[in-house]
Structures are given as C-alpha cells and as structure tokens.
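The values are calculated or read from the model by the stated rules, or taken from the named source; none is laboratory data. Treat the numbers as computed from the prediction; the structure is a model and nothing was measured. Here the Cβ is made from the backbone with ideal geometry for all residues, glycine too, and neighbour counts use every protein chain on show. For the accessible areas, the whole protein counts, side chains as well, though only heavy atoms, and no ligand, DNA or RNA atoms are used. Shrake-Rupley method; radii C 1.70, N 1.55, O 1.52, S 1.80 Å.
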Amino acid sequence: MNITLRRLLIRELEEELEAAKKIDAERLAEEIQRTGFNCLMCGKCCRREFGDNRVALMPEEISRIHDGSSLTLEDIAEPFNIEAESPEEEYLLQKETDMVDEEGNIHTFGWMLQRKKNRDCIFIPDERTDNRCSIYELRPHLCSTYPFYMEGLKLRISECEGLGKVIGLQESRELAGKVLNRYVCELQDTILTYKNYNGFITGGKGQLIAELNLKQGYLNYIVHNSEGTCKITKRI
Ligand code: SF4
C-alpha cells in the first residue's frame, strides 16, 4: 500500500468516523426492534455453520480477555487472515496478495479470535450439545453484538437463527448502544493501524523461505495493528 493510498484511506475513515458519531442511537434501536432478535444459543455463529466465523479483535479486547483470564496472546488470538479451509490454502491466498516479505514473514492487518483445527471458535466446547462460550463475560464486541454490525453507516445483519424473534425496546437500545460503540472503536482502531503502518519489502527469497517454513509446520507473521507491529510464529 503506497503512501498516497494510505493517506486517502485514512481520510475516508476519519470522515466515516465523524459521521458514525452522529448516528441516532434511538433510530438504530427501533431498526433492531423491527428486525427482531433473541439468541437461541444454537452455537452456529461460533462454529462454521454459516461459513466465515472469523472474529476480528482489537488490542484492547485481547488485553481485556488476557487480564480476566490466565490466557496468553497465542491462546486468545491469531493474525487476522484470509478465510480458507486449511493453513496451506490460507498461505496460497496470502501469496497471491503479495503479503510475503523478503524474509518469509506474512504481513496481516489486525488480529482475530483463535480457532480450532476444524475452524470452530476456540472457546466453544467440542460437544455440539454444549454451546456455552468459555469466556462469555469477556467475549469480544463482535460476539456481544452478533448478528448486528455497522458498515458504511448502515446497520447490517449476519445470518442467525434468532432473527425475527421478539425483542423489547430497552434490550434493543442496549444492543444499539453496543453496536454503535463497536463501530466507532473499530474505525478508530483501523485509522490508528494505518497511521502506524510503515510497509515492508517483498521479493528476494521470501516466498521460498515461507514455503520451507510451512513444510516444517509453522509460518511467521507480522501483524500490523493499532499498537504497532507484532511478530508471531503460528504452528500449523
Ligand atoms: S447469535 Fe444467532 S446463530 Fe449465534 S448462537 Fe445465538 S441464535 Fe445461534
């Protein structure tokens, strides 16, 4: 990403942030109430029943989970990545986007919640009869606002078994407040991430090194985020 594109993106995001702060929470609550929602605890959003179940995480959410549990960064998060069926497919897609540097590190923007080998959320039990989240009280914004989120100043709705169920106005207001707070926080976090980003050099033997690492069962990532950059090794 060159500097002109980065500046343009930051300016657009700052404009969106200003507009997001002016969104009428009461109207949003009414929209949520009209849509209707009640979580049935089916666990489908935590598993891969609707396909993509990646949960983007901001550093403050990782810290909150870390502080409230005995979990390490690696227990909680992994580099935000392209959705794929396997680490090998994930790497091939990364390679196509030219995100491998000359030392074989794969560059990503931000973090996501750690997933199991089968790509279900790491915090949902293996038994499909038990859908209790093991970090429920500390769960990320995305989980506590699911299936609602904001994009381009509009309310968006993900697939969910609980849609259309009756929800009271007070509960809709609380949910609308959380959805808006998440939107503003994510915009601020993305702006900071782009401001911190300094680029990287591609080419050389980078792809060869990454492919060798993959054969040996790991990949090195550099995660660009709102707190700077973090190098992390992911075991495959
Ligand atoms: S939010 Fe929706 S999909 Fe997720 S557990 Fe509740 S009802 Fe199921």
> Any idea which residue in the range 147-196 is nearest to Glu18 (Cα to Cα), counting only those that are in a loop (DSSP other than H, G, I, E, B) and open to solvent by less than 50 Å² (accessible area, probe 1.4 Å)?
Replying inline: Gly152
>> Looking at the range 147-166 only, could you name the residues that are of a type in the set (Val, Ile, Thr) and either within 12 Å of the ligand (Cβ to nearest atom) or modelled with pLDDT under 95 (or both)?
In response: Ile157
> Do we have any residue at all in the range 104-113 that's in contact (Cβ under 8 Å) with a residue 60 or more places away in the chain, hydroxyl-bearing (Ser, Thr, Tyr) and either farther than 19 Å from Val223 by Cβ or surrounded by 14 or more Cβ atoms within 10 Å (Cβ to Cβ) (or both)?
Replying inline: yes
> Out of the range 128-141, which residues are open to solvent by 60 Å² or more (accessible area, probe 1.4 Å) and either small (Gly, Ala, Ser) or away from the ligand (no atom under 15 Å from the Cβ) (or both)?
Replying inline: Ser134, Glu137
>> So, Glu127, is that one over 27 Å from Lys234 (Cα atoms) and without any contact (Cβ under 8 Å) to a residue 24 or more places away in the chain or not?
In response: no
> If you take the residues of the range 17-50 that are assigned to a loop (DSSP other than H, G, I, E, B) and small (Gly, Ala, Ser), which of them is nearest to Lys165 (Cα to Cα)?
Replying inline: Gly36
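Quick grid of which residues meet (1) surrounded by fewer than 16 Cβ atoms within 10 Å (Cβ to Cβ); (2) aliphatic (A, V, I, L, M):
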position: Glu18; (1), (2): yes, no
position: Gly36; (1), (2): yes, no
position: Cys46; (1), (2): no, no
position: Phe50; (1), (2): yes, no
position: Arg54; (1), (2): no, no
position: Ser63; (1), (2): yes, no
position: His66; (1), (2): no, no
position: Ile76; (1), (2): no, yes
> Looking at Ile106, is it in contact with a His (Cβ under 7 Å, 6 or more places away or on another chain) and away from the ligand (no atom under 16 Å from the Cβ)?
Replying inline: no
>> Tell me yes or no: at least one residue of the range 51-63 is polar (S, T, N, Q), part of a loop (DSSP other than H, G, I, E, B) and within 16 Å of the ligand (Cβ to nearest atom).
In response: yes
> Residues Asp98, Asp130, Asp126: which one is part of a loop (DSSP other than H, G, I, E, B) and closer than 17 Å to Asn53 by Cα?
Replying inline: Asp126
> Scanning for something under 17 Å from the mean Cα position of the chain (by Cα) and on the phi > 0 side of the Ramachandran plot, does the range 124-141 turn up at least one residue?
Replying inline: no
> Which one of these does Ser70 not meet: (1) under 19 Å from the mean Cα position of the chain (by Cα); (2) modelled with pLDDT under 95?
Replying inline: (1)
>> For Thr233, only one of the following conditions fails: (1) of a type in the set (Val, Ile, Thr); (2) assigned to a helix (DSSP H, G or I); (3) open to solvent by 30 Å² or more (accessible area, probe 1.4 Å); (4) touching a strand residue (DSSP E or B) at 6+ places or on another chain (Cβ under 6 Å). What is its number?
In response: (2)
> How many residues are polar (S, T, N, Q) and either in a helix (DSSP H, G or I) or touching a Ser or Thr at 6+ places or on another chain (Cβ under 7 Å) (or both) when one looks only at the range 64-88?
Replying inline: 1
> Before we move on, is Ser144 of a type in the set (Ser, Thr, Tyr), modelled with pLDDT of 95 or more, away from the ligand (no atom under 14 Å from the Cβ) and part of a helix (DSSP H, G or I)?
Replying inline: no
